[in-house]
């Protein structure tokens, strides 16, 4: 797999952080206000100053010695467990770039944002089961673990969102922000899976990663259509008429998805892989209230 | 359009091969999708055949094949005829006379060089119609204007120089008459080894030279007016600038003489060779060693001589036989057996050691031909059908009253019988012939029949050449030889001993080779000497001819080479293929 993200891009993410609905509370300090009362004076960590930070928390001594503006963080700001659930089923292999690559880039960027905001970030790749569990932790070393896991992803198998979420819930007890990155063609299990997460009071963000040709397939004539997950095949003449029918059916599929998710107030983004990652993060997710 | 490298077109067959391979591997496109649920139950496009067809016609393949075809076409060196100035037809005339067989350079004859030059001219000149003529004293049109340029080249390659003499403008005009005549050609290129004077404006000359030549320019034989025998006259020319050591070999067909000689430069020498007592008829002379033009290093002469048959008579003279002999040929009676053409033995016996041709008339050779008891004669019949002795003889007109029983050797052929007894036999080998007539002539009616002189004539024609009624001296290659008046033709052999095809009733023939031809008729053997025309010996030793002045005269058409343009088309098609492939590759890459 080629390099997922370069450092320059990560630097540009410095001004962003996750917005939480405020329902969750972590064990350590972070930028998310804790639902618990009281003020913590326990020093937790330093981070780079960014415009908008409270001047009172700038460590001027360090500035005097190193010339760098660092902000002290304290335990009165609670951290937010962020769970990155990345679909690694066979269907994610499709597209150029592949959907799994694009999803990995997005997960890495979001993980970086979470870790930089002193949140704990974990990664849980899945297909028809949970493939791996990188449990949430603080610090940039966790980013290395996430990166290593993402780079090792080899899409295979079918998708079973329901089963994967059940396993995910069984290995994580603490609620948090669940970011689901999938092409969501297994829509049947989505409603149950979301319901279980909501039951645990997780915040959920759904990013549907799609290839442009899945949204607007091109006319390709006499074609053998192969389901990469089940291996089933279908032969047909893929002309304009068939493409029009497909689009209609795809719109119906998307309408059902959005109905399920939006009904439960779950932010839902359709992310084509030909959309630049920067625009997804700086425009779509900010506009959607996921980042600020 | 003219393809100058036609074999390259065969490469175009690879296009077919590629197309077939493409169709064989023509595949259904494959599209991998995340789930079939969205695809199942969709109705395919109704224009399935059209889509399939479009799929088969791969634009990339089309461009690739176009590139290949263009490259193949370019390799075939196509060109088109362009009009430069007022045009019309081109005639390429190649001198095919004997002198063109002179070895000019690098073991190539002048004719081969002329062919090469003609091909070069054809490739440079783009006249749509090309007439190719081989010019000799009997010119031949090798390529007619209706044929293609390739036909003309093929005709040139398949032609050979002849042994005939030079042709002139008259012969050329005659040859071109069926194609509109000389004036109808805008340009006539004459490739020859001699200078033509006063050529018409439309005729341009390319001179092919090279090769030295000393030769026998004249050869003649006549009877010695003073003594028995013949005298030969030979003229040899050495046009070179150096002395030449040569040997002159001359023969009367029996005796051969050799004279070493040094020929001065730029000289012409006449030699006289006496042949005392010669009775030869086929004279030839050779000049050794052979030079670049060998045809005039040998000359031939057939001397028709008023010969008399030398007859030796043994035994009682018979006036009827002598009269019959004299009726056929003048005879001279001789007493010597050494130089007799025929020994007639009449009513006597001769030893078996006797040499020469023998005619036994009621005579014996003990141990070989012996006469026994007399018996009554019977009807005369032919025992050896088709035998030359019986040609024209009617056996029924011959009466034999009685004859002796004659024993003959096994090697003898019984030609005629009377009753069951041998009447006439022949025994011949390479050395001599022996004829035996068993009865006493006076017991037959032979002396008073018309068949008797004829029979004697047949016998004589088997032992010696009978004098010809006509004298040829010598003829030349390509000139007709009249055969009329020589009797019924049996066979005509060329100098190589090959039979010349003659139609029934044909009264002349055109010799194609120099040398001694032999004509056999019912009147005997006739030598016919044929030489290369003497004018062919006068070959100019030009080392190299001038180039054809392409821009002079009324040149008319030129060839525009198309291969550079076609190559550009091929490259453009290749670039387009690359661009298209790149685009299609991008689209294909997006296919999930």
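No value in this document is a laboratory result; all are computed from the given coordinates. Keep in mind that what you see is a predicted model, and the values were worked out from it rather than measured. Note that each Cβ is placed from the backbone with ideal geometry, even for glycine, and that neighbours are counted across all protein chains shown.
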Among A:51, A:267, A:217, which one moves the most in a GNM of chain A with springs linking Cα atoms closer than 10 Å? A:51
So which residue, out of A:258, A:170, A:117, gets the largest mean-square fluctuation from a GNM of chain A using Cα contacts under 10 Å as springs? A:170
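With r as the distance between the Cβ atoms of residue B:226 and residue B:269 and R0 = 25 Å, compute the FRET efficiency 1/(1 + (r/R0)^6) and round to 0.05.
Computed FRET efficiency for residue B:269 and residue B:226: 0.55.
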For residue A:248 paired with residue A:292, estimate the spin-label separation in nm (one decimal), with each label point 7 Å from Cα along the Cα-to-Cβ line. 4.5 nm
With 0.36 nm assigned to each residue of separation and the Cα-Cα distance removed, residue A:63 to residue A:274 gains 71.7 nm
Top mean-square fluctuation among A:203, A:227, A:119, Gaussian network model of chain A, C-alpha springs under 10 Å? A:227
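How would B:488, B:144 line up from fewest to most surrounding beta-carbon atoms within 10 angstrom? The partial results should precede the final answer.
Values: B:488 10, B:144 16.
Listing B:488, B:144 from fewest to most nearby Cβ atoms yields B:488, B:144.
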Near-label residues of region B:341-383 by backbone N, under 17 Å of a point 7 Å along Cα→Cβ of residue B:399: B:376-381
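Quick check: from the Cα gyration tensor, does region A:76-202 come out rounded (a/c under 1.5), prolate or oblate?
Details: a/c = 2.01, a/b = 1.19, b/c = 1.68.
Judged from the Cα gyration tensor, region A:76-202 comes out oblate (a/c at least 1.5, b/c at or above a/b).
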Give, to the nearest whole percent, the P(r) tail of chain B beyond 30 angstrom, counting all Cα pairs. 69 percent
Given R₀ = 45 Å, what would the calculated FRET efficiency be for residue A:15 paired with residue B:565, taking r from the Cβ atoms and rounding to 0.05? 0.10
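Can you put B:566, B:254, B:456 in order, fewest other beta carbons within 10 Å first? Write out the running numbers ahead of the final one.
Numbers: B:566 20, B:254 11, B:456 23.
So the residues, fewest neighbours to most, are B:254, B:566, B:456.
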Please report the spacing between the Cα centers of region B:296-360 and region A:131-171 in Å, no decimals. 133 Å
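Counting pairwise Cα distances across the protein assembly as shown, what percent come out greater than 38 angstrom? Don't jump to the answer; show the numbers that get you there.
Numbers: 272412 of 390286 pairs.
Counting every Cα pair in the protein assembly as shown, those more than 38 Å apart make up 70 percent.
222 nm [θ] for chain B, helices only, -39500 (n - 2.57) per DSSP H run of 4+, per residue, to 500?
On the way: 9 runs with 121 residues, N = 592.
Calculated mean residue ellipticity at 222 nm is -6500 deg cm²/dmol.
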Computed curve, region B:309-463, Cα-only Debye sum without solvent term, log₁₀ I(q)/I(0) at 0.09, 0.18 Å⁻¹, is -0.24, -1.10
For chain A, what number results from the quotient of the Cα radius of gyration and 2.2 N^0.38 Å? 1.08
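Rounded to the nearest 500 deg cm²/dmol, what is the calculated helix-only ellipticity per residue at 222 nm for chain A, with -39500 (n - 2.57) per DSSP H run of length n ≥ 4?
Details: 8 runs with 92 residues, N = 292.
Taking each H run of at least 4 residues, the total per residue is -9500 deg cm²/dmol.
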Could you check the simple spin-label distance between residue A:5 and residue B:247, using points 7 Å along Cα→Cβ, in nm with one decimal? 10.9 nm
Rounded to the nearest whole Å³, what is the per residue volume of the convex hull around the Cα atoms of region B:215-306? 83 Å³
For a label point 7 Å along the Cα-to-beta-carbon line of residue B:428, residues of region B:375-416 with backbone N under 16 Å: B:384-393, B:411-416
Quick calc of log₁₀ I(q)/I(0), region A:151-276, Debye, one scatterer on every Cα, no solvent, q values 0.12, 0.22 1/Å, result -0.55, -1.41
In nm, the gap between the two label points placed 7 Å beyond Cα toward Cβ at residue B:582 and residue B:348 is 11.9 nm
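Can you figure out the FRET efficiency of residue A:72 with residue A:264, using R₀ = 45 Å and their beta-carbon distance, to the nearest 0.05?
Values: r = 38 Å, r/R0 = 0.85.
Efficiency, from the Cβ-Cβ distance: 0.70.
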Expressed as a whole number of Å, what is the distance separating the alpha-carbon centroids of region B:384-449 and region A:191-266? 123 Å
Length gained if residue B:410 through residue B:199 is fully extended, taking 0.36 nm per residue and subtracting the Cα-Cα distance, is 68.8 nm
